[in-house]
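The values are calculated or read from the model by the stated rules, or taken from the named source; none is laboratory data. The structure displayed is predicted, hence computed values, not measured ones. Cβ sites come from the backbone with ideal geometry, for glycine too, and all protein chains shown count toward neighbours. Side chains included, ligands, DNA and RNA excluded: accessible areas come from the protein's heavy atoms. Shrake-Rupley method; radii C 1.70, N 1.55, O 1.52, S 1.80 Å.
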Amino acid sequence: MKSLWFKSIATSAIIAVAGCAPSAHEAPAPAQTVLAPAFVTPATTSGDVGSAIVVPGTDHAHGRIVAATGFGGLEIYDLDGKRLKSIPGGDLAGVAIGYDVPLGDARTTVLAAADAEDNSLRLYTMDNAMPVLAAHTSPLDFAVEGVCLMSSHRNGALYAFVIGEDGSIAQQIVYADADGKLQTRRVRLIHLPSKLKGCVASRDGHLYVAEETVGIWRLQGNPEADLSPTVIDTTGSGHLGEETKGLALYDGGKGHHWLFASDSSEGRINVYDLAHDGRFVGSVSVSGTKGDTPIEEPGALFASSMNLGKAFPHGMLLVGDEDGGANYKQVSMADVARTLGLEPGTAQDPRKHEPPAIATVTALVETKPVASPGDAADDPAIWANPDDPAASLVVATDKKAGMYVYDMQGHPVDFRPDGNMNNTDLRTGFMLGGNKSVLVTASDRTHKTAAIYRLDTAARKLVPVADGKQDTGMRDPYGLCMYQDTAHDKTYLFINTGEGLMRQWRLDAGDNGRVRIHRVRDFHFDSQVEGCVADDASHTLYVDEEDVGIWKLGAAPDAGDAKTSIDRISDNPALKSDLEGVGIYHLGNGRGYIVASVQGNDNYAVYRLEGDHAYLGSFAVVADPARGIDGISQTDGLEVTSRNLGPGFEHGAMIAQDGRNVMPQENQNYKYVPWDAIARALHLDVREQP
């Protein structure tokens, strides 16, 4: 079942927001000025003018203009506007470029062109400043209007956004397969209510789209984040006329980020200051040649801050003019800045990317999505099979339906529709009916109870063993973890609530082979807690207080309520609320690592288990397009083990809930990440297996 949560922005919400532009847009507009282009390209051979880009050269004056010209394919011009070459290729409506893209053992420049003839993408690499066709993708299921590219600031992954006449935005990841050939894979499909005419993506991960008769939107381009739609400007009530077409971004460094928009029905180009929340700065018009009347309907736009020679010391604004000669006007960005009273900032080379700010890894396996739509999957627990690691199992919750058991390939092997199960945990060696058992517990929000099961490891299923209803006395039993005191042969259960109450029970087995809970302790936090994990060896409990930080306290029932802070959100920039799941990777002899889910920025923070619990760094789980497994985001629950779980997981794994399951868009699921990958990314140790 597909999840509509990622798939669309509700039409009613869009209409409500579009009815009024932000107050920053209400400032009076400066007087409009007509600018003369420094150069004008010849008319395209087809008479069509799609979007165009400027490709920097090896020096200031030797760049190229690459334009999509309908059935004329790609046309290449020098920076003086002279046509150099035509490259046939379908009916090209738009073109975009991405730099430093991995291709086999090398990195290259990739150009994407939207082919309106068969509604596909044509992918090119650059050879001596000329595009060379590298791939022609499968058709999309809508009529395409254009394309823009975005490099992920997390790991450099290249995303293509293909926009359509019906308001569709197909986000695809561009990657090289095992043979070094370019491929694409759909990540998600977004819907706006009406025709889209232009898009552009920024280095910081935002996507700007022009909904032709509605206005301009800013969306999150990272598929692992909320769309977070924001209106920049609207038609009618804002600074836009009846029709908006092209968009372009100017990057002049910190404090100098501008968005250009073709206000086509008004014959002008609007400028917005993105450093000040998209404030409307003013408008300019562009003449056909010096002294001519302005372009009647400016179309596609492109902006660069690079020094492109004597005529363009602060870059170029490229304007498509379909009605006034079927050509492209090349305007000095210095003239635009001077006219609007703006400082152009400093040149930014789009070919240079900042190194990723955080270490990244990929998942090796993902589970089949849970059956329930929306926010449903939540928390896993891992049973490592000591005799056959590849036959290990993962127990996980669907907090709208019940309990799953998955194998190490992510296939469900058991499901119990027992209620809204939020968190789960397990312990081995629990004596039940005279036999050592794997005991599984879960917080049952439907019945306000502690659900208790025996994991039948041979049959690979959960068997209920609660001795009747085990009432928690809680309004909403929420987070859960277990603790085992092997020295005293006791096993305990912790459950917390949204109000900060945490309650501890002893798990007692009866002669009837059933288990009851016996309350032994209550303690409190100042605000909501959820994720918790116990280190049985040190008798220590670790708890995430969602908006505060990570705490430790004694796990024994007589340990009291004294707490020690491990880390606080206010003290560590790597942390951002909410903090959710937490797990422990054991190295032995009291050493190991604490791993906590930082839901607010989709990262995972790692601390030493021993000593002063030093913060060691954070990592993110990103997409592996070759395997078709997306990254992990919005994680609620996770579990970590250093036990051998079979091929690919010989040194253990982190298994985490994925709150936004894309590529393709589906219900939530769980991802399996090899600990080896995490250890390499953060220079951590792995536990050697016996």
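Here, the chain yields an orientationally averaged convex hull projection of 30.7 nm² when only Cα atoms define the hull.
Which whole-number percentage describes the relative contact order of the stretch 438-569, with Cα contacts under 8 Å and a sequence gap of 6 or more?
Numbers: 308 pairs, mean separation 20.6, N = 132.
Relative contact order comes out at 16 percent.
Suppose a student asked you for the relative contact order of the stretch 195-292, using Cα pairs under 8 Å spaced at least 6 residues apart; what percent would you report? Computed over the stretch 195-292, the figure is 18 percent.
Orientation-averaged projection of the stretch 636-690 equals 4.5 nm² [convex hull of Cα atoms, one quarter of hull surface area]. Of the cross-linked pairs 181/671; 368/576; 85/254; 368/448; 436/671; 85/181, those separated by over 31 Å at the C-alpha level are 85/254.
When only Cα pairs below 8 angstrom with a gap of at least 6 residues are kept, the chain shows a relative contact order of 10 percent.
The residues packed around residue 689, meaning those with a beta-carbon under 15 Å from its beta-carbon, carry a net charge of -4 if Lys and Arg are +1 and Asp and Glu are -1. Surface composition of the chain: carbon plus sulfur atoms contribute 47% of the solvent-accessible area (1.4 Å probe, protein chains only, all chains present).
Summed over the residues of the stretch 470-528 and divided among them, the accessible surface reaches 45 Å² per residue at a probe radius of 1.4 Å. The Cα trace of the stretch 540-684 gives Rg and Dmax of 15.4, 52 Å, the first to one decimal, the second as a whole number.
Got a sec? Charge dipole of the stretch 318-415, +1 on Cβ for Lys and Arg, -1 for Asp and Glu; which of 339, 411, 357 is way out at the positive end? Projecting each Cα onto the dipole axis, the largest value belongs to 339.
Under 5 Å from the amide H of residue 278 lie the amide H atoms of 273, each residue being 5 or more positions distant or on a separate chain, with H modelled from the backbone and absent for Pro and chain starts. For residue 145, nonlocal amide neighbours, meaning residues 5 or more places apart or on other chains whose placed amide H falls under 5 Å from its own, are 163, 164, 165. For the stretch 412-557, dividing the convex hull volume of the Cα atoms by the residue count gives 113 Å³ per residue. Cβ under 12 Å from residue 184's Cβ, residue 184 left aside: what net charge do those residues give with Lys, Arg +1 and Asp, Glu -1? With Lys, Arg at +1 and Asp, Glu at -1, the net is +3.
Dipole of the stretch 159-231, Cα-centred, from +1 at each Lys and Arg C-beta and -1 at each Asp and Glu C-beta, to the nearest 20 debye?
Numbers: 8 positive and 9 negative charges, 15 e Å.
Its charge dipole is roughly 80 debye.
Its Cα centre serving as origin, the stretch 67-137 has a Cβ charge dipole (Lys and Arg +1, Asp and Glu -1) of approximately 120 debye. Helix content alone sets the calculated 222 nm mean residue ellipticity of the chain: runs of n ≥ 4 DSSP H residues at -39500 (n - 2.57) each, divided across all residues, give -1000 deg cm²/dmol. Taking only the alpha carbons of the stretch 334-391, we obtain Rg and Dmax values of 25.5, 75 Å in that order.
The mean of 1/r over all pairs of different alpha-carbon atoms in the stretch 473-562, once inverted, gives a Kirkwood hydrodynamic radius of 13.3 Å.
Sorting the Cα pairs of the stretch 150-278 by distance into bins of 5 Å, from 0 upward, gives 2, 10, 20, 22, 19, 13, 7, 3, 1, 0, 0 percent per bin. Using only alpha carbons, the stretch 421-479 has a radius of gyration to Kirkwood radius ratio (Rg to Rh) of 1.00. Per the Debye calculation on the stretch 491-617 with a single equal scatterer at every Cα and no solvent contribution, log₁₀ I(q)/I(0) for q = 0.12, 0.18, 0.20 Å⁻¹ amounts to -0.46, -0.96, -1.13.
In the chain, excluding the sites themselves, the longest stretch lacking any of the GluC sites (Glu not before Pro) that are in a DSSP loop with at most 12 other Cβ atoms within 10 Å is 243-687.
For the stretch 413-492 and the stretch 204-270, what is the separation of their C-alpha centers, rounded to whole Å? Centre-to-centre (Cα) distance: 52 Å.
Net charge dipole, the chain: roughly 700 debye, given to the nearest 20, about the Cα centre with Cβ charges of +1 for Lys and Arg and -1 for Asp and Glu.
The Cα center of the stretch 594-614 and the Cα center of the stretch 85-113 differ in position by 40 Å.
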